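The values are calculated or read from the model by the stated rules, or taken from the named source; none is laboratory data. This structure is a prediction, so every number in the text was calculated from the model and none was measured. Don't worry about glycine lacking a Cβ; one is built from the backbone with ideal geometry, like all the others, and counts go over all protein chains shown. Side chains are part of the model used for accessible areas, which takes the heavy atoms of the whole protein and leaves out ligands, DNA and RNA. Shrake-Rupley method; radii C 1.70, N 1.55, O 1.52, S 1.80 Å.
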Amino acid sequence: MIDYRIDVGQPHTHRFPVSLTVRPAGDALEVSLPVWIPGSYLIREFQRHLLGLQAEQGGEPCIIEQLDKARWRIACRPGKALTVRYEVYAHDTSVRAAFLDTRRGFFNGTSVFLRVEGHTESPHRAQIVGLPKGWSVGTALPSVKVDSRGQGWYQAQDYDALVDHPVELGPFWRGTFTARGVAHELIVSGAAEWADLDRLMADTRRICEAQITFWHGRRKPPFQRYVFLLNVVEDGYGGLEHRDSTALICARKDLPRRGVAAASDAYQTLLGLVSHEYFHTWNVKRLKPTAFAPYDYTRENHTDMLWFFEGFTSYYDDLLLLRCGLLDLPAYLKLLAKPVNQVLATPGRQVQSVAQASFDAWTRYYRPDENTANATVSYYTKGSLVALALDLSLRLCPALDDGRAPSLDGVMKRLWALGRPINESDVATALQAEAGCGPRHAADWGTLLADWVHGTQDLPLKELLDLHGVHWTDKAGSLTQQLGVRLQEAPGGLKVQAVMHGSPAEQAGLSAGDELLAIGDWRLRKPDDLVQFFDRKAPQPLLLCRDQQLMRVSLPPPPEGPTPWCHTVTLGQPPADSTGAGDAHLRRRQAWLGH
Ligand code: ZN
C-alpha cells in the first residue's frame, strides 16, 4: 500500500505540497515522475515542476541520489515506514498537467504522484486535505472516506488507475444524471451566469445513452460511474480522455445560453468534443493498441495506429450526434466536409501515410511548425476519412446471414468483443468477417486497409459518398489557398505563416515569417487587399520585408482547378433534378445517416 497526501490549502502559492508513505522491502527505493500523460503524445517532463524533494524514516533524513531527469534513488532501511515529501508547482491551464490558484485547482496524477518502483501494482491511496472554504472535490477516483465536500481518502487498485483519474477542486457547478442505469456527473467550473448548464447536461446524457447503446445494445457498459470535468475559460478548446472520466476545456461563449433554443456552431463543436472524449472510454482506454498495454511512463510509447484510435473516434463523434438528434443532416454534412477539406489542403498527405503520422505523433503532430502541412498529415482528420471510406465500402456489401447490413459499427463491436489489445491485422480480420464480400477498391479487405493506412493516395470518397446520396461539389478555394500561402494579419502588414510545397508562393520565394507589404503600388494590410489588387493574368510584383530588409519578388498567378495544396469541396444533398440511380443511393443514406 502506498499512501499519498496532497494539500490544497495554499492556493495563492500555486503549489501542492505532497507526501507519500511506503514501507520499503529493500535498502533502496526508486521513485520517478511520468514524463508524459497518456492520451497526449508529447514528452512533457512534468518533473520540472517538482520542488524540494526530501525523504525521512523515523525522523532521520534519507540520502537521495538523482538517477536521470525524472528518477531518484532513496537509501533507506527495509520494513520501516518511509515518507517522501515534495511540492508541485501547478500553473498549467491545460487538461494535461496541474493547476492551482485562489479560484480553482486541478490535477492529473501524472503531475503530482511519484511512482514507486516495485510497488506499482499494489493499491494506492490518496488523501486530499486543506480544501479552501466553499470548495469541493470532483473526480471519478473511488472514495474510501470523505466528507460532504469530498475531502478525505480515495483509493485506486494500482498506480495506473491512480493517475487515470483527474481531480477538479473548487466552487464548481455539479449536475448528476443516469444514462442506461449508470451514474454520470457533469462538473463545470468558470461558466457565466447566463449559461444553460441543464441543457448541456441533458444533451450530454443523450450522447452517453447513444454511445452505450452503440457498444453494448441493451447491456450495461464496463464502468459503474463516469465524470465529465469541464473547465470554462475565456478562450480554449480541448479534452483528454480517461477510463472513467474526461477533462475538457471550452470557451465561455461556446456554452448554450438560457432562453436561446438554436444550437450555435460553437455549441455543436463542444458537443462533438463531449462525444469524442466519451467514445474514447471504449476506443483507446479499453480497446487499446498493444503499444499501450501497459503504458511506459518513462519514454515515448510509439504506435502506428492512432489513425484508428483518434481517427475512428473523430469519425464517430459527430456521427453519433447526428444519430441522437443533436445535429440535423445539413449540419452534419457541413461538419463532414471539414476533415475532407483539411486533408485536401495538406500537401503532406502525399508524403506521409496515416500510419507514419501516428508513429511520429510525438515529434510532428504535437510539435507543429511552419513546414507541418508539407511534411505530415493529421491522423485525426485523414484517420476519420479512412473510417468514412471503410464504413461506406462495407455498406455496399449485401446483408449478412442474420439479416444485418455490414457496417463499421459491426467492425468496432467485433474488435471490442476480442477483449484484448489490438493491432492492424485484427482490424483487417474484423473487416473481412463483417463484410462477407470483397471490397470495391482492392482484392481483399486487408489489402484495402493497408493501401489506405500505409499509402498516400487520395481516398475514393467522391464516388463512395455519391453512392450514399451525398453530393460532392468542387469549389474554388480562396486566393491565398490557391497561391499556397497561409497568412496572418499582423501589425504593419500580412505575415506569412506557412508556404505550401510546389505552390506559386513557394516559386516566388516567400518564406514563413515574411511580412507582405505591397502588391504593385498597393499597400497590403489584410488578405482581402490581396484579393482586391491581385491580377490573375500576369505575375504580380510583391514587396515584402524579411529580417528588416525590403525584398521584391514576382508572384505567379495560381493554376486553375485542384492542386496538391488547394482542393476545396462542399458536401450536400444531391440536386433535385438528379435522377437515375438516386433511389438506391438515398436508401443507403437513410441506412447510414437516418435521413
Ligand atoms: Zn481523441
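Per-structure values
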| quantity | calculated |
| --- | --- |
| Angle between the chain longest axis and helix 424-435 axis [Cα atoms, degrees, rounded to 10] | 60 |
| Three-way shape label, segment 479-555, alpha-carbon gyration tensor, a/c 1.5 | rounded |
| Carbon and sulfur %, accessible surface of segment 62-141 computed with the full protein complex present, 1.4 Å | 48 |
| C-alpha long axis of helix 265-280 to longest principal axis of the chain, angle in ° | 60 |
| Relative contact order (percent, whole number), segment 173-261, Cα cutoff 8 Å, 6+ residue spacing | 32 |
| Separation between Cα centres of segment 23-58 and segment 189-245, rounded to whole Å | 31 |
| Nonlocal amide H pairs with A28, under 5 Å, H built at 1.01 Å | C76 |
| Prolate/oblate/rounded label for segment 235-298 (Cα gyration tensor, a/c 1.5) | prolate |
| Degrees, to the nearest 10: 381-394 long Cα axis against longest axis of the chain | 70 |
| Accessible area per residue, Å², segment 173-261 with all protein chains present, probe 1.4 Å | 44 |
| Centre separation in Å (Cα based) which lies between segment 539-595 and segment 119-142 | 51 |
| Sum of -39500 (n - 2.57) over DSSP H runs of 4+, divided by residues of the chain (222 nm, nearest 500) | -8000 deg cm²/dmol |
| DSSP-loop trypsin sites (Lys or Arg not before Pro) across segment 44-86, with at most 16 other Cβ within 10 angstrom | K69, K80 |
| Note, ³J(HN,Hα) from phi for segment 396-401, Karplus 6.51, -1.76, 1.60, rounded to Hz, x at Gly and Pro | 8, 7, x, 4, 6, 4 |
| Of K382/K537; K220/K285; K285/K382, those spanning more than 27 Å from alpha-carbon to alpha-carbon | K382/K537 |
| Cβ charges +1 (Lys, Arg) and -1 (Asp, Glu), total dipole of segment 2-170, debye | 380 |
| Spatial separation of Cα centroids for segment 489-504 and segment 320-379, in angstrom | 21 |
| Cα-based reach from K334 at 16 Å (exclusive), listing lysines while leaving out same-chain residues under 8 positions away | K462, K475 |
| Cut-off under 5 Å, modelled amide H: who pairs with A490 long-range | K495 |
| Proximal aspartates and glutamates to K526, defined as alpha-carbon separation beneath 12 angstrom and excluding residues fewer than eight positions away on the same chain | E489, E515 |
| Cleavage-rule hits (GluC sites (Glu not before Pro)) in segment 496-575: DSSP loop, at most 13 neighbouring Cβ within 10 angstrom | E560 |
| In order through segment 118-126: 3J(HN,Hα) via Karplus (6.51 cos²θ - 1.76 cosθ + 1.60), integer Hz, x for Gly, Pro | x, 10, 5, 8, 7, x, 10, 10, 10 |
| Tensor-based shape of segment 274-371 (alpha-carbon gyration tensor, a/c under 1.5 rounded, otherwise prolate or oblate) | oblate |
